[in-house]
Amino acid sequence: MGNKISKTIEKAQLVPQKTPIVAFDKKYVHEKPIFLTLARDGVHNQSDKYTIKNLINNQKVFEMLGHTVVILKETLYDVSDNHPVSNFKQAVMKLQFGINVFRGGDGEDSLCQFDFTAEMTGIKAKGTFVNQENNEKVHLVLVGDSFFRNAVVFSGDPDEGQAIMRITKEVPKEYQGSNANFKGYVLEITPGVDISLMVTFCLAVLRYRSYNIGNKKMNMLDG
């Protein structure tokens, strides 16, 4: 028998969105399911660099680079024209770990804050923003297993909302041929959802995991 988080992940079925969910730009909303790969690609300015590609044609779509001034800020770029789509940094003066997300690259046009909690059986993250399509609030919730090998993002509460993205470390069987040795994440995003938002959310979770693992190592050293 699995725990509640694993059961939630297993039973989730992605639901196409009739009303588009748009955070950054409607051009990132597609009419068909999108499969992306997200993989660490070295280090840039003391931060992990990530490359995001289309799983089907292996074309690069986004790239995330870190920039350290006073506090680490990480920026997602659209590689088609190298413009910044989103950026995020750790929320300060909070007891609970959080990440502030902004539109563009200047850190002034705020989108939302993602808050994270770790449980014995997995990870939970949530954030609320205003949908550009209809000016209504969208509540995002991510549930993932303890090692973040499998996760699902919901629009709304997992018990009542609709699953809109699945994250896994396994490449779908039909695409394993040329991706047999891939090491990273596969993002399956349902139609009608801003893929740049989903990529930003996944990267924010990876930043949280890096922070969490780093703290555990420090606690072990201190003990």
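The values are calculated or read from the model by the stated rules, or taken from the named source; none is laboratory data. Computed from a predicted structure; not experimentally measured. All Cβ positions, even for glycine, are placed from backbone atoms using ideal geometry, and neighbour counts span all protein chains on display. Calculation scope for accessible area: heavy atoms of the full protein, side chains included, ligands and nucleic acids excluded. Shrake-Rupley method; radii C 1.70, N 1.55, O 1.52, S 1.80 Å.
Would you tally the net charge around D25, using a Cβ to Cβ cut-off of less than 14 Å, leaving D25 out, and scoring K and R as +1, D and E as -1? Local charge sum for D25: -2.
Could you work out [θ]222 nm for the chain from helices alone, using -39500 (n - 2.57) per DSSP H run of at least four and dividing by all its residues? Round to the nearest 500 deg cm²/dmol.
Rounded to the nearest 500, the figure is -5500 deg cm²/dmol.
For the listed residue pairs K89/K173; K11/K49; K11/K32; K60/K137; K11/K60, the alpha carbons are over 29 angstrom apart in K89/K173; K11/K49; K60/K137; K11/K60. Rounded, prolate or oblate for the chain? Axes are the square roots of the Cα gyration tensor eigenvalues, ordered a ≥ b ≥ c, and the cut-off for rounded is a/c under 1.5. Rounded is the answer for the chain, as its axis ratio a/c remains below 1.5. These residues, T200, T121, go from largest to smallest accessible area, 1.4 Å probe, as T121, T200.
Heavy-atom accessible surface of S146, to the nearest 10 Å², is about 50 Å², with a 1.4 Å probe and all protein chains retained. Beta bridges per DSSP, both residues in the chain: antiparallel share near 95 percent. E133 contributes about 80 Å² of solvent-accessible surface, heavy atoms of the protein only, 1.4 Å probe. Here is the list for segment 117-196: trypsin sites (Lys or Arg not before Pro) lying in DSSP coil, each with at most 14 other C-beta atoms within 10 angstrom of its C-beta, are R149, K169, K183. The simple Förster model, with R0 at 25 Å and r as the Cβ-Cβ distance, assigns V92 and K124 a FRET efficiency of 0.70. Distance between the 7 Å Cα→Cβ label points at K137 and K169: 3.6 nm. Partner aspartates and glutamates whose Cα lies under 13 Å from the Cα of K73, excluding those fewer than 8 positions away in the same chain, are identified as D48, D106, E108.
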